[in-house]
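Undergrad: Here it is, the structure in full.
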Amino acid sequence: MDRPRSCLLQTLAPAFWAAAALAALLAAPACATPDPAAGAPAIAWFPGDVDAAFSRALAEHKPLFLYWGASWCPPCNQVKATLFKRHDFIERSSQFIPVYLDGDQPSAQKLGERFRVRGYPTMILFSPDGAEITRLPGEIDPQQYLQVLSLGLGTGRSARATLRTALGDGASGLTAADWTLLASYAWDTDEGQLIAADRVSSTLLALAKACPTRYRSSSDRLALRAITAAAASRTAVSVNRERALAHVQSVLEDAARARALFDILVQWAPEIAGYLTDPGTPARRDLVERWDSRLAAFAGDAGLSTADRLDALTSRASLAKLADANSLLEPALIDTIRAAAAQADRDTTDRFERQSVISSAAQALSAAGLGAESDALLKAELNRSAAPYYFMLELAVNARKRGDAGDALSWYEKAYAGAQGPATRLQWGSRYAIAITELAPSQDARVDQVIGQVVDQLEPSPETFYGRNRSVLERLGAALGSWNSGHAHDASVKSALAKMDAVCQKLPETAPERATCSSLLRSPASPS
């Protein structure tokens, strides 16, 4: 699921009015039109296509803000529920060209590939001439976001140019604003725009070393970004663990520094702690204790959103398991999580915010070992949510966690049946088919039926085979290859390939997408 923590993810002249307006754009609802209260002011989203919006931006000498999201995405709904409500942002949004692109709109996936956006949500700031200035982070709080937007508007160059300088001989000439933009860049949603995916870890490490320590906020963020990249990296990039551990400890001990980095400290707690310390050591126990204390402070911070506070509790549970994987959580922490989830359920009335809050509450309950309560919360939300099929996937995940394959597949099936929008239905259907190959690998007929339905619903047009759609089909092909590694399911795979080829044959003969289409479900294990 696309919850970065890109949803999580997994995911930058500076006048105040300009920044406020663009922050409002970030908060666009993931639907064709906003849904404000009756009579309330609303952002005037550009009504035409994307190219027309760029033409308008050029003609009016205004920046353009592109928001890429989906109606079911919890982080997208979190953005809408927080920044979208701010009247100062909304009032000033007429100064900019706000563009909303939903992943299920016609040609959206082709446009997504054009702008190199994939994870929901992704936010990009463009100059009036259409050049990308920066990608904006959706995890930081509104005030930090406001600062990054202000700097993005005020800079005279793009993030690409600034990065080139930072990695070259001119790094000493960069300003505090330059380093803030680099540190706050949405690296999780870069999609190779600034740097190839296999070089992100080494690039962040280089930036962390190059950033002057006098720019503490940027230095801290880049340092922790480099550590998280090393922890998650599949390459040989590494950091000095002793020095990195000391840096993390110093951040955790300083309330102000930690609060500025709450997004990283919440989202990456077990990964960083597990990377910097060894199991069973005093260093790990000490780090977990310090981190838990800071997360407890975040969970009680009224300045953070409800979803963020719940996520802090989830990380507390994950850290406790990191310290001792076989231990039960302390009763006090279990009670705290249970009470926080119940209060969030009672107090959250905004429908956009609930899509995010209920997801976070359910994950917190599950992390605390309260699987039945997590299920009950999710099931109660099915009749309230505009996108209940997302919560059905979380119910499937809970069922898998407790080892109930039958219930998990039932929820995957229901989620697919309820999914709306062509890109979303493709993603949910592929996920259901993959789950069958993993949880009920002998049910060939069930795999055949689901894949047949998924492929039959593909629109046989070139625009279909781009972006997330292509990635989803590639993952489905890889899963079929793994399932058929011993060629026990050749008949099913042949059937799937034949159905896919029938769709591909409907594309224009000269269309390059035809070759792409034909390759998507194939793998080395595919029968010839």
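The values are calculated or read from the model by the stated rules, or taken from the named source; none is laboratory data. Only a predicted model underlies this, so the values are computations on that prediction, with no experimental measurement involved. Backbone-built Cβ (ideal geometry, glycine too); neighbour counts: all protein chains shown. Keep in mind that these areas ignore ligands, DNA and RNA; they rest on the heavy atoms of the full protein, side chains included. Shrake-Rupley method; radii C 1.70, N 1.55, O 1.52, S 1.80 Å.
Undergrad: Can you give the relative contact order of the stretch 370-528 as a percent, counting alpha carbon pairs under 8 Å and 6+ residues apart?
TA: About 18 percent, as a whole number.
Undergrad: Separate question: Taking the Cα atoms of the stretch 330-388, what is the range of coordinates along each of the three principal axes, in descending order and whole Å?
TA: On the principal axes, the stretch 330-388 reaches 36, 19, 13 Å in Cα extent.
Undergrad: Then there's this: May I ask you to give the average projected area over all directions of the convex hull of the Cα atoms of the stretch 426-467, in nm² rounded to one decimal?
TA: Directional mean of the projected Cα hull area for the stretch 426-467 stands at 3.1 nm².
Undergrad: Using a 7 Å offset from Cα along Cα-Cβ at GLN449, what residues in the stretch 418-432 end up with backbone N under 19 Å from the label point?
TA: 418-419, 426, 428-432
Undergrad: Using the Cα centre of the chain as origin and beta-carbon charges of +1 (Lys, Arg) and -1 (Asp, Glu), tell me which of PRO508, TYR432, GLY152 is placed farthest towards the positive end of the dipole.
TA: GLY152
Undergrad: With every protein chain kept in place and ligands, DNA and RNA left out, what is the accessible area per residue of the stretch 152-231? Probe 1.4 Å, answer in Å².
TA: With the other protein chains kept in place, the stretch 152-231 gives 39 Å² per residue.
Undergrad: Volume per residue, Å³, of the convex hull around the alpha-carbon atoms of the stretch 387-434?
TA: Here the figure is 54 Å³ per residue.
Undergrad: Give me a comma-separated list of calculated 3J(HN,Hα) values for the stretch 431-445, in order, Karplus coefficients 6.51, -1.76, 1.60 applied at θ = phi - 60°, integers in Hz, x for any Gly or Pro.
TA: My calculation for the stretch 431-445 gives 5, 5, 4, 4, 4, 4, 4, 8, 9, 9, x, 8, 8, 4, 4 Hz in order.
Undergrad: Among ALA171, ALA362, GLY69, whose Cα projects farthest towards the positive end of the dipole of the chain, with charges put on the beta-carbon of Lys, Arg (+1) and Asp, Glu (-1)?
TA: Final value for the positive-end residue is ALA171.
Undergrad: Now a separate question. Please report, in Å, the Rg and the Dmax of the stretch 223-373, where both are computed over Cα atoms only.
TA: In order Rg, Dmax, the Cα atoms of the stretch 223-373 give 15.6, 47 Å.
Undergrad: Could you give the radius of gyration (one decimal) and Dmax (whole number) of the Cα atoms in the chain, in Å?
TA: Gyration radius and largest Cα-Cα distance of the chain: 23.3, 65 Å.
Undergrad: Regarding the stretch 297-435, what are the three Cα extents along the principal axes, ordered largest first, in Å?
TA: So the three principal-axis extents are 42, 36, 21 Å.
Undergrad: Further question: Assigning unit charges at the beta carbon (Lys, Arg +1; Asp, Glu -1) and nothing else, what dipole magnitude in debye, to the nearest 20, does the stretch 143-251 show about its Cα centre?
TA: Computed about the Cα centre, the dipole is about 200 debye.
Undergrad: Which three extents, in angstrom, do the Cα atoms of the stretch 115-155 have along their principal axes, listed largest first?
TA: 27, 27, 9
Undergrad: Please tell me the relative contact order of the stretch 340-450 in percent, rounded to the nearest whole number, where contacts are Cα pairs under 8 Å and at least six residues apart.
TA: Relative contact order for the stretch 340-450 comes out at 15 percent.
Undergrad: Right, here's the next one. In percent, what relative contact order does the stretch 170-264 have, based on Cα pairs under 8 Å that are 6 or more apart in sequence?
TA: It rounds to 25 percent for the stretch 170-264.
Undergrad: For the chain, what is the number of Lys pairs with C-alpha distance below 29 angstrom, counting only pairs 8 or more positions apart or on separate chains?
TA: Taking the Cα cut-off of 29 Å, the pair count is 19.
Undergrad: Further question on the same structure: Could you give the length gained by full extension between ALA511 and ARG160, i.e. 0.36 nm per residue of separation minus their alpha carbon distance, to one decimal place?
TA: 123.1 nm
Undergrad: Right, another one. With a 1.4 Å probe and every protein chain left in place, work out the accessible area per residue of the stretch 432-528 in Å², rounded to a whole number.
TA: 46 Å²
Undergrad: Let me ask you something else. With a 1.4 Å probe and all protein chains left in place, how much accessible area per residue does the stretch 40-91 have, in Å²?
TA: Counting only protein heavy atoms, the per-residue value for the stretch 40-91 is 39 Å².
Undergrad: Taking only DSSP H segments of four or more residues, each worth -39500 (n - 2.57), what value at 222 nm results for the chain once the sum is divided by all its residues, to the nearest 500 deg cm²/dmol?
TA: One gets -18500 deg cm²/dmol as the mean residue ellipticity at 222 nm.
Undergrad: What base-10 log of the normalised intensity I(q)/I(0) is obtained for the stretch 278-343 from the Debye formula, alpha carbons as equal point scatterers, at q = 0.12, 0.19 Å⁻¹?
TA: -0.31, -0.72
Undergrad: Within the chain, what whole-number % of the accessible surface is contributed by carbon and sulfur, with the 1.4 Å probe and all protein chains included in the calculation?
TA: Using a 1.4 Å probe with all protein chains present, the chain comes out at 51 percent carbon and sulfur.
Undergrad: Answer with one residue from SER218, SER410, ALA372: the one whose Cα lies farthest towards the positive end of the charge dipole of the chain, charges on Cβ with Lys, Arg +1 and Asp, Glu -1.
TA: SER218
Undergrad: How do the peptides 219-231, 97-109 rank, highest first, by the average count of neighbouring beta carbon atoms within 10 Å per residue?
TA: Listed from highest to lowest mean packing, they are 219-231, 97-109.
Undergrad: Work out the P(r) tail for the stretch 148-240: percent of alpha carbon pairs separated by more than 18 Å, whole number.
TA: When every Cα pair of the stretch 148-240 is considered, 40 percent fall beyond 18 Å.
Undergrad: Using θ = phi - 60° and the Karplus form 6.51 cos²θ - 1.76 cosθ + 1.60, what ³J(HN,Hα) does each residue of the stretch 66-80 get, whole Hz, x for Gly and Pro?
TA: Running phi through 6.51 cos²θ - 1.76 cosθ + 1.60 with θ = phi - 60° gives 9, 10, 10, x, 8, 5, 8, 6, x, x, 4, 5, 5, 4, 5 Hz.
Undergrad: With +1 on each Lys and Arg Cβ and -1 on each Asp and Glu Cβ, how big is the dipole of the stretch 334-450 about its Cα centre, in debye rounded to the nearest 20?
TA: My answer is approximately 140 debye.
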